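Student: Here you go, one structure.
The values are calculated or read from the model by the stated rules, or taken from the named source; none is laboratory data. Since the model is a prediction, treat every value here as computed from it, not as a measurement. Please note: Cβ atoms are built from the backbone with ideal geometry, for glycine as well, and neighbour counts cover all protein chains shown.
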């Protein structure tokens, strides 16, 4: 998600539209992002402290999606 947000901020999505679209429509990336979203929701649904919330966001909101975006760069 940070990768996509960074591309949008620097307006790279305008010059790299095809690359961004390819990354987001690549089936392994789509499946991975869907799984991370599911895991984030499941994790957040059972938290009881702010530390647990932070863990869920860090793991399934940032680190997980970042790994998913790396799949788009793999040959």
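Student: From the residues in region 38-58 that are assigned to a helix (DSSP H, G or I) and in contact with a helix residue (DSSP H, G or I) (Cβ under 7 Å, 6 or more places away or on another chain), which one is surrounded by the fewest Cβ atoms within 10 Å (Cβ to Cβ)?
Tutor: For region 38-58, the residue satisfying everything is 53.
Student: Among the numbered criteria (1) exposed (fewer than 15 other Cβ atoms within 10 Å of the Cβ); (2) modelled with pLDDT of 75 or more, which single criterion is violated by residue 9?
Tutor: Evaluating residue 9 over (1) exposed (fewer than 15 other Cβ atoms within 10 Å of the Cβ); (2) modelled with pLDDT of 75 or more leaves (2) as the failure.
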